[in-house]
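Since the structure comes first, as structure tokens, the remarks are kept for the end.
Just so it is clear, none of the values below were taken in a lab; they were calculated from the coordinates. Everything quoted here is computed from the prediction, not taken from an experiment. Note that each Cβ is placed from the backbone with ideal geometry, even for glycine, and that neighbours are counted across all protein chains shown.
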Amino acid sequence: MAVGTPERLVDELVRQGKRNLTVIANDTAMPGRGIGKLVSAGLVSRTIASHIGLNPETQQQMIAGKMAVELVPQGTLIERIRAGGFGLGGILTPTGVGTVVEEGKRKIEVDGTDYLLETALRADFALVHTFLADYLGNLSYALTARNFNPVMAMAADTVIVTADHIVPVGVIAPDHVVTPAPVVDYLVANE
Amino acid sequence: MDAQTIIAKRIAHELREGMLVNLGIGIPTLVANHVPEGVDVFFQSENGLIGTGPIPEEGMSHPTLTDAAGQPVSALPGACTFDSAVSFGLIRGGHLDMTVLGGLQVDATGRLANWTIPGKMVPGMGGAMDLVSGAKRVVVAMQHTAKGKPKIVKQCTLPLTSLRPVDLVVTELAVIAFPDGRATLVETAPDVTVEHVVASTEAELDVPQHVPQMNL
């Protein structure tokens, strides 16, 4: 719902008119906010998300055949991204067994319980927002704006981060670093 | 008392000290307003918060402190935040004691449909499938009928949220449980007769000899 979205990067994508994007995100926010801006600008051709209910434009574009939408249970979506970032081929989850989510997927029984094999997701770019970054790129997130950010930061070839505050190296205590600097490629001040 | 308040108050009686509880959007959210005195529970917001508190007063909200619908919330002392992988690990991993969710249909064995009406409403399942599959106890908060049509049906015509049956359905008319996979009338709301509940329910209801009234 646009909480923890790198708005400055989204605005820049809109300014440059980067078309034909595949967006992997929990949701497509609402018109005018976060990923909703990309949708409004007609830049998204494919979305993989758990929820699009608060953005009527996503629904309209889906119905009009302008955007392909793959709906994924939220816990499965985050685990597929985690698998992508952690070098795993996928994960086994009980979520979705016996529902429409099961269609086209392999069902695997482990110790008497059925699981769906859900494959890993990776992206060319991860666009991440953080509260605090140091100049090396160590990241520390704020409150519920953490959500998908640290998991996505692991799961893309190029990781671009916007930060509310960029502080000298050493200010963020090692125990408070959530995303380690080596995974971050570019750091951008939020304003 | 209006229907939503009856439902929320009755479900609040299911809360026990120390439980970790996730409330869905709509009627379920109202349960937080009726937590019995002396009972402390942890509310989880699946976007990454345990210790969710009331809606903040004007001017006290924080843009990065929201519930799963993106609405401002507060965090109580002792709250903690985490990423979505941890949040759904809590949900699927057997750490969530109870979830309260809205419902579109519940079938005679307790299976829930609550995420889509194909062709009409396709918002996506969000966290609903994980919550129903993973929570230790699943409670459905919904009106007994929709436009006069029963919502507790023989078989769901809408796509299921999970194969896992729910534990309890609370409506403005009744409390229904599913022991041994059979819809069973547990309580009726004040001034509601057993006959009225049965007539408003499409699924066959097991009715014990004595059906107590909801204690609100």
Global size of the stretch A:38-191 as Cα Rg and Dmax, reported in angstrom: 17.9, 54
Amide H contacts of B:K154 (H built 1.01 Å from N, under 5 Å, at least 5 apart or other chain): B:A203
Convex hull volume of the stretch B:149-216 per residue (C-alpha atoms, cubic angstrom): 99 Å³
Under 23 Å from the Cα of A:K37 - lysines, other chains or at least 8 residues apart: A:K18, A:K66
Residue among A:I166, A:S50, A:M30 farthest towards the positive dipole end of chain A, charges placed on Cβ: A:M30
Long-range HN-HN contacts of A:L187 with modeled amide H, under 5 Å: A:V161
Karplus (6.51, -1.76, 1.60) ³J(HN,Hα), θ = phi - 60°, over the stretch B:156-169, in Hz, Gly and Pro reported as x: 5, 8, 8, x, 5, 8, 6, 6, 5, x, 6, 8, 8, 10
Radius of gyration and maximum dimension Dmax of the protein assembly as shown, Cα, Å: 22.1, 72
Cα-only Debye scattering, the stretch B:1-135: base-10 log of I(q)/I(0) at q = 0.10, 0.15, 0.16, 0.22 Å⁻¹: -0.34, -0.77, -0.88, -1.54
Nearest 10 degrees, 0 to 90: helix B:3-12 Cα axis against chain B principal axis: 70 degrees
Table column - 3J(HN,Hα) (Hz), the stretch B:65-79, Karplus curve with 6.51, -1.76, 1.60, x for Gly and Pro: 10, 9, 8, 5, 8, x, 8, x, 9, 10, 10, 7, x, x, 5
Estimated [θ] at 222 nm from DSSP helical runs (n ≥ 4, -39500 (n - 2.57)) normalised by residues in the protein assembly as shown, nearest 500: -5000 deg cm²/dmol
18 Å reach of a label modelled at B:T184, 7 Å along Cα-to-Cβ, counting backbone N of the stretch B:135-156: B:137-140
Dipole in debye (nearest 20) - the stretch B:3-199, about Cα centre, beta carbon charges: Lys, Arg +1; Asp, Glu -1: 800 debye
